[in-house]
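Values quoted throughout were computed directly from the atomic coordinates according to the rules given, and no laboratory measurement underlies them. Nothing here was measured: the structure is a model prediction, and the numbers come from that model. Here the Cβ positions follow ideal geometry from the backbone for every residue, glycine too, while neighbour counts run over all protein chains shown.
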Amino acid sequence: MRREVVVETRDLSMRFGGVSANENVNFRLFAGELRCLIGPNGAGKSTFFKCLTGQLKPSAGQVVIRDVETTGFDPHQIAQLGVGIKTQIPNVFDGLTVEENVWLACRRWNDARRARVICAQTLERVKLGDLRTRAVGALAHGQRQWVELAMVIAADPWLVLLDEPAAGMTDEETRFTAELIREINRTASLIIVEHDMNFIRAIAKKVTVFYRGSILIEDTMDAISADPVVRDVYLGHKH
Amino acid sequence: MKLKRDIVGLVVIAIIGLVVMFGAPHVLQLFTIINLTTAIGLALLALSLGLVWGYGGILCFGQTAFFGMGAYAYAICAQNFGQTSGAVIIAIGAGATFAAMLGYFMFFGRISEVYLGVITLTVTLILFNLLRRTSGPEYKIGSALLGGFNGTNAPPLQVPWDAQLMLFPQQLFYVSMGALLLCYFGCVWLIRSQFGQVCVAIRENEVRAELLGYDARLYKLGLFSIGGGIAAVGGVLVANGIGRVTPDLFNLTYAAQAIIWVIVGGRGTLLGPVLGAFGVFWLTSWLGTQSYFNSNMVLGLVLILFVLLLPRGLVPAIGSIAKVSQQRTVSRRDRMRSRRRVARFETSGATDAT
């Protein structure tokens, strides 16, 4: 049996004036997959991510999520399909408490009583229960990232798009985040944009490498680490 | 615990409001009561701005557009209909609808915050200039002459069931105060509802709210329209308090003062803007009775002092002072308790030794 394609882009291009950030990207994600997007700075990963989440409207090409063509959708419309999104810079409600943040995510899809239950469960899952009454603006960077992850999980999405979920975290925090992501993967497909190679090794099954706005190669992390072209454009600079 | 204190606070506000409502006409002079009706109208303007700016993050520099719109709609309809109940409903509808129309273009056009301020201010000034130029006999709606610079007559409110019975100034005061309390507690309820919580979330981070699946544009539009309706209620009361509506209701002075009331009283609260409006109104009329200082200079000074010393406004500042003193009493109580415990321990230790 062939696996279902849950995200597909067809000849997706994004241009800013004369600069082409994405050029004819043909990308496919299958159900249940956990896919990492990597690539050197300016390779077009984040632009591609923003086209998927509706934060940018592609110049050409199509985005299809399950059977819905979402090209030109607004972020809230994509979220309404059951897609959980975490952006690169933590987008949280700084003036509200941890609990209020997560509650707002729960309440969107559930009635008041269920929202409270799910909210409490989610806070336990990300181990933020002790901080529930603290204002998110006053938390450490890693904790803010988890609040945002909690908001993503709370809506019980079937597809999760994460942009640099481990950015700026300590090793231990990164480990816990990797654990969380593996847990999310049990019920949802994931696309993760990431820089941290160790983090990717810890979670990734299949990796897509972006280079100059297009997909260079798609393979397992081991194969990609061994690939001479990838080493040249990206990993090579690291060693 | 927090919820309990909130409820106690609201009950206190309600009691004070009711005492003022039913007590003031017996204590104060008629002239003051009539002036207070106008002040209540302005307080409603402040409340509406406090709602959209403080809770929706929408810096509307021209909240007076909906305020003046409500006042004019009331005056024109009341003159045409010969009765005022319908006029009040149309006035509120006019304020809310106009806000909804303007808001639609601003929010669905994704206009940034600065431009939103500029556009709303421009709209109110356009209305100001437009109505100033309507002085000829050809400018009339139904039987109501718009009257240009001098404005037009605003008939006083009547008893809903009898168009012959006009309200006396005292009764008008009851109605005004009732309207203020109703709008205030309506706003309190609104910001505690799910709708209000989402509006606050959008104020905090619009991108995140959208990524959670909330359509920020619709929520902002809803809040803005409600704000427009409340401002229109204020307009109706001011029209009643003054007895006329003039283009001045749209002018820069009121538009800027509304912002000042919210800043002085405290942005992000509902009580603050109302108290700010009353305070500044009282200060302006008091300054008008003396001739030592230029009243505008004093007002400017007050604003500068507030921005420098109490940037969050009066009500939040009082709130934090109350919190600190409460914490101090709690910690003092704890210290006393532990001291007593130590003393008890020492005496029991002493008895053990013997």
- List every residue whose amide H lies under 5 Å from the amide H of A:SER214, counting only residues 5 or more places away in sequence or on a different chain, with H placed 1.01 Å from N in the peptide plane. A:GLU23
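If you average the sequence gap of Cα pairs under 8 Å that are 6 or more apart and divide by the length of segment B:22-312, what percent do you get for the contact order? Could you put the intermediate results ahead of the total?
Working: 492 pairs, mean separation 103.8, N = 291.
Relative contact order here is 36 percent.
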- Query: Can you run phi through the Karplus equation (6.51, -1.76, 1.60; θ = phi - 60°) for segment B:149-154 and list ³J(HN,Hα) in whole Hz, with x for Gly and Pro?
  - Reply: 4, 7, x, 9, 6, 10
- Can you pull the one-decimal nm distance between simple spin-label points at B:GLN326 and B:SER143, each 7 Å off the Cα toward Cβ? 5.7
- Query: Over the protein assembly as shown, what is the percentage of antiparallel beta bridges among all DSSP beta bridges, to the nearest 5?
  - Reply: 60
- Task: Report the extension gain between B:ILE111 and B:SER285 in nm, rounded to one decimal, defined as 0.36 nm multiplied by the number of residues separating them, less their alpha carbon distance.
- Result: 58.8 nm
- Task: Within the set of other residues whose C-beta is less than 15 Å from the C-beta of B:LEU270, count the net charge using Lys and Arg as +1 and Asp and Glu as -1.
- Result: +3
- Message: Output the 0 to 90 degree angle, nearest 10, between the alpha-carbon long axis of helix B:271-289 and the longest principal axis computed from the alpha carbons of chain B.
- Response: 60
- So, in Å, what gap is there between the alpha-carbon centers of segment A:111-153 and segment B:127-144? 57
- What angle do you read, to the nearest 10 degrees and between 0 and 90, between the alpha-carbon axis of helix B:252-265 and the longest principal axis of chain B? 10
- Item | Residues of segment B:116-138 with amide N under 16 Å of the 7 Å Cα→Cβ point at B:THR253 | B:125, B:128-129, B:132
- Message: Strictly over 29 Å apart at the Cα level, which of A:LYS45/B:LYS220; A:LYS57/A:LYS127; A:LYS50/B:LYS220; A:LYS127/B:LYS220; B:LYS140/B:LYS220; A:LYS86/B:LYS323 would you flag in this model?
- Response: A:LYS45/B:LYS220; A:LYS57/A:LYS127; A:LYS127/B:LYS220; B:LYS140/B:LYS220; A:LYS86/B:LYS323
- Across B:LEU116, B:LEU275, B:LEU301, the residue with the highest GNM fluctuation in chain B (Cα network, 10 Å cutoff) is B:LEU301
- Given a Förster distance of 51 angstrom, what is the FRET efficiency for A:ARG10 paired with B:LEU309, based on the Cβ-Cβ distance and rounded to 0.05? 0.25
- Task: Under a 10 Å cutoff between Cα atoms, tell me which one of B:ALA46, B:ALA201, B:ALA343 has the largest fluctuation in the Gaussian network model of chain B.
- Result: B:ALA343
- Degrees separating the helix A:141-154 axis from the principal Cα axis of chain A, which is the longest one: 80
- Task: Note down the nm distance, to one decimal, between modelled labels 7 Å out along Cα→Cβ at B:VAL118 and at B:ASN294.
- Result: 3.0
- Residues A:TYR211, B:TYR115, B:TYR184 arranged by fewest to most Cβ contacts within 10 Å: B:TYR115, A:TYR211, B:TYR184
- Query: Taking R0 as 45 Å, what's the FRET efficiency between B:LEU301 and B:VAL207 from their Cβ-Cβ distance, rounded to 0.05?
  - Reply: 0.70
- Message: Taking every DSSP beta bridge with both residues inside chain A, roughly what % is antiparallel (nearest 5)?
- Response: 55
- Contour minus Cα-Cα distance for B:ARG341 and B:TRP189 (0.36 nm per residue): 50.2 nm
- Message: For the pair B:MET166/A:ARG134, report the inter-label distance in nm, with labels modelled 7 Å from Cα in the Cβ direction.
- Response: 6.4
- Task: Evaluate the relative contact order of chain A (contact order divided by residue number), counting alpha-carbon pairs under 8 angstrom at least 6 apart; express in whole percent.
- Result: 26
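Give the calculated FRET efficiency between B:THR32 and A:ASN198 to the nearest 0.05, with a Förster radius of 56 Å applied to their Cβ-Cβ distance. Working shown, then result.
Numbers: r = 74 Å, r/R0 = 1.32.
Efficiency, rounded to the nearest 0.05: 0.15.
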